[in-house]
Structures are given as C-alpha cells and as structure tokens.
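First the structure, in the form of structure tokens, and then the observations on it.
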Amino acid sequence: MLAHILNKIYSNQRISTDDALYLYYNAPLSTLINLANLIKYNRYQKKVFYTQNVHIEPTNLCIYKCKFCSFHKEPHESPFWEYSIDDILCFLKNIPHSIKEIHITGGVHPNRKISWYITLFKKIKEIHPQAHIKAFTAIEIHHIAKISGLTVSETLQSLAEQGLSSIAGGGAEIFNEEIRKKLCPEKGTSSLWINVHKQAHRLGISSNATMLYGHIETIEHRVEHMHIIRSMQDETKGFLAFIPLKFRNQHNFLSYINEVSFIEDIKTFALSRIFFDNIDHIKAYWPMIGKEKAAFLLHAGADDIDGTIYNSTRIYSMSGSEEQQPSATTKELMFLIEKENFIPVERDIFYNEIII
Ligand code: V47
C-alpha cells in the first residue's frame, strides 16, 4: 500500500482520502517529511515566503461563545476592548508604510454594520494605500450582511469596492457537523463557511482556508475537512493558502484537553502539503505555534511563515501561545528562514514576490 501511494506522489498523481489516512497512521515520520519537502522543493525550490503585515482586531466582544476560544470577553471581563475607528487609525499611523497586508478579524460584533467597516476601510486606505486588506472570516461576513440587510454577495461586492482584497481563513474550525456542534454550537454550519468562500471566489475575491486541529476531532475528521477544501478548490481555484491552526488550550472551555505533540503538528503539516495538490501555499503561522517550531515546519511542507505582525494580534497569546507579544522585524524573519537553509522571499497578499 505504501509503495502504491509513493508511486502516485512521485508521478504527481493526487492521493485519495484513504491514502492520506494510510500515510498518517503508517508512514514513518521521516517519509512524511521527505515527501512534503520534495513537493515543496518542486514548487519553490528553496524559497520561503514572508510578508510585512499587521493585524487589526477591532473588538473581542462576540455574539458567539465557541468552546475553544480564549479571545471572547464580556464588557465586564478583562481584557475587553471595542476600538473606535479613531483608535484603529491612531495605531496604524505608527506602523511602517512598507506593510503589504492588513489583516482585520475580531469577535462577531452584535451591531456594527457594513457602513462602519466601509468608513474604516476608506480611512485605512488613506494612511496605507500600498497595503492590501484581508478582512473577516466567513462567519463575520455572514453576520455583517444579515444586520445590514444585504446578501452575502452584495456585502462582499461593497467591501471589495472599498479595497477588500481577500478574506481570512478563520471560522472553518472542523467541518464535521457533529464535532462542530460540540465545538461551536451557536456559530454557523460548515455550509455557511463554504458558501461565503464560494461566493467570494466567484466574485474574484481570494481567500485562505484554515483547519483548527488537536482538540476533540479525529484524524478522519481532519482528512474529511481537507477533502472538502480540496474539492472546493477544484471548483473555484480561489484559495491562496491552507493554514493548519493548532488548538491552544489556555483560558477556554476546552482547557482540560492536552495540546497535541509537535510530532503531530509536523505530521499534520506534512500531510497537508502532500494532500493539497491544488493549493499553492501551506502557512506555518508563527504567532500560533511559536517562531522556532514554525521554522522547523518549513522542513515539513510549509512555504510561508506569515509576517511581522507588530504585536497586533491577541487570539493566540490569550490562548497560551509561547508568543505573548508577537512581533518580528523583517530581518528577524529573514534570519529565521535562512537559519533553516531556505531563501526568504518577501510577498504581498497574492504571493507576488517583492523585489527589494
Ligand atoms: O477561526 C481561535 C482559531 C481562528 C483558538 O487567513 C484558535 O491568513 C487555536 O483564522 N487555539 C482565527 N486556534 C484566526 C485565523 C487566521 C490566523 C492567521 C492567519 C489567517 C489567514 C487566519 O483562530 C479561528 C480559530 O480557528 N482559534 N481560538 C485556540 N484557542
């Protein structure tokens, strides 16, 4: 069986979900790493992508209470924030004009309609016209549409007219509905996430796809999740990157669950690279897993390490990541990549290479 799967991979054929499960359970770790590395090398040789980016998390108020989330707080809890547009602009004025990407996601705010975000986008573009805006999870977009009396498609179109370049990959969690009911019972179903991304892709708006792993799901659920994303990509070709997000267990309702080992992280990343023959990039998001481990994952199929961040995201620090104040200079990111014997390449949101 292993020889048959290896043959498929060496001859650039797609592996099936059964093949993926077989590899996960039976292939030696070194085989998984070597295969992922080979596929990555064939695509990019020694290149690894990074970007200059910043996150904006307008609020951690949220209408949902997902079990894995450490970010959501009520107004009487700490830390709670609900930034005004001026607060956000004030922060952005101190961010270098070399940033290429502004990532905006936060809690699902009960009553901020599309007009609030359109004003925000317009003002952001006045300060950082060079930067692309990647904003909102599918769940946020669905909610903004609903409270603004618009369809999802109208919402996406209006946001795109104001500078939305792509949508973030969050909110996907794990698509299996049984697990989803236990994990985030109030949040939208997997078909809601899928439909928002399909509509975005049809409108020419790219997006990322995430998978939250290492909680109550099985390996079968992970492969099922990846299979759904791979089938969507066959149809729309709109995903830029796949981002496995390791569940971090501090300060949430699932804190009783031990985090998975780094070996399991490596296997999950390597399998993603092997499985997704139609998604160009696998991102090791360092604020989630830590810089050192993200650097190692570059040997297990990841070709993108994300960006500078400038201490602007709290989702992972609040859930126990080793990166409590996530910030990296471009020099530091380049050094991190070079130390692993890869060649750092700065990218924009669409993975266009920035020639310095
Ligand atoms: O959907 C929340 C995850 C996501 C925890 O598109 C957690 O480039 C682990 O999607 N442990 C939001 N994960 C963040 C996100 C993202 C991040 C970076 C880049 C991009 C991109 C997207 O964070 C949520 C959820 O899956 N998350 N809490 C936690 N305790």
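The values are calculated or read from the model by the stated rules, or taken from the named source; none is laboratory data. Keep in mind that what you see is a predicted model, and the values were worked out from it rather than measured. Cβ placement follows ideal geometry from the backbone for every residue including glycine, while neighbour counts extend to all protein chains displayed. Just the protein is used for accessible areas: all its heavy atoms, side chains included, with ligands, DNA and RNA removed. Shrake-Rupley method; radii C 1.70, N 1.55, O 1.52, S 1.80 Å.
If N is the number of residues in segment 140-268, what value comes out of its Cα radius of gyration divided by 2.2 N^0.38 Å?
1.11
Can you pull the three principal axis extents for the Cα set of segment 37-99, in Å, largest first?
Each principal axis gives a Cα extent; for segment 37-99 these are 52, 35, 16 Å.
Assuming 1.306 mPa s and 10 °C, estimate D for segment 223-269 with Stokes-Einstein, Rh taken as the Kirkwood radius over Cα pairs, in µm²/s.
123 µm²/s
So what is the 222 nm mean residue ellipticity for the chain from helices alone, if each DSSP H run of at least 4 adds -39500 (n - 2.57) and you divide by all residues, rounding to the nearest 500 deg cm²/dmol?
Roughly -13000 deg cm²/dmol at 222 nm, from the helical runs in the chain.
Lone cysteines in the chain, defined as no other cysteine's Cβ under 4.7 Å from theirs: which are they?
Isolated Cys, the chain: 62, 90.
Please state the charge dipole magnitude for segment 4-145, taken about the Cα centre, from unit charges on C-beta atoms (+1 on K and R, -1 on D and E), reported in debye and rounded to the nearest 20.
Charge dipole, segment 4-145, about its Cα centre: 560 debye, nearest 20.
Between 0 and 90 degrees, rounded to the nearest ten: what's the tilt of helix 190-202 against the longest Cα principal axis of the chain?
On a 0 to 90 degree scale, this one is about 80.
Just to confirm the number: angle between the C-alpha axis of helix 17-26 and the first principal axis of the chain, 0 to 90 degrees, nearest 10?
70 degrees
What percentage of the solvent-accessible surface of segment 119-263, computed with a 1.4 Å probe over protein heavy atoms, is contributed by carbon and sulfur atoms?
Carbon and sulfur: 52 percent of the exposed surface of segment 119-263.
Can you tell me, using C-alpha contacts under 8 Å and at least 6 residues apart, the relative contact order of the chain as a whole percent?
RCO, the chain: 23 percent.
Of all DSSP beta bridges located in the chain, what percent are antiparallel, nearest 5?
5 percent
Over the chain, what per residue volume does the convex hull of the Cα atoms give, in whole Å³?
So the per-residue Cα hull volume is 125 Å³.
Can you give me the accessible area per residue for segment 181-247, using a 1.4 Å probe, in Å²?
It amounts to 34 Å² per residue over segment 181-247.
Which distance in Å, rounded to a whole number, links the C-alpha centroids of segment 263-322 and segment 163-220?
That distance is 17 Å.
Please get the size of the charge dipole for the chain, origin at its Cα centre, with Cβ charges of +1 on Lys and Arg and -1 on Asp and Glu, quoted in debye to the nearest 20.
280 debye
Express the accessible area of segment 11-102 per residue in Å², computed with a 1.4 Å probe while the remaining protein chains stay in the model.
Ligands and nucleic acids excluded, the figure is 47 Å² per residue.
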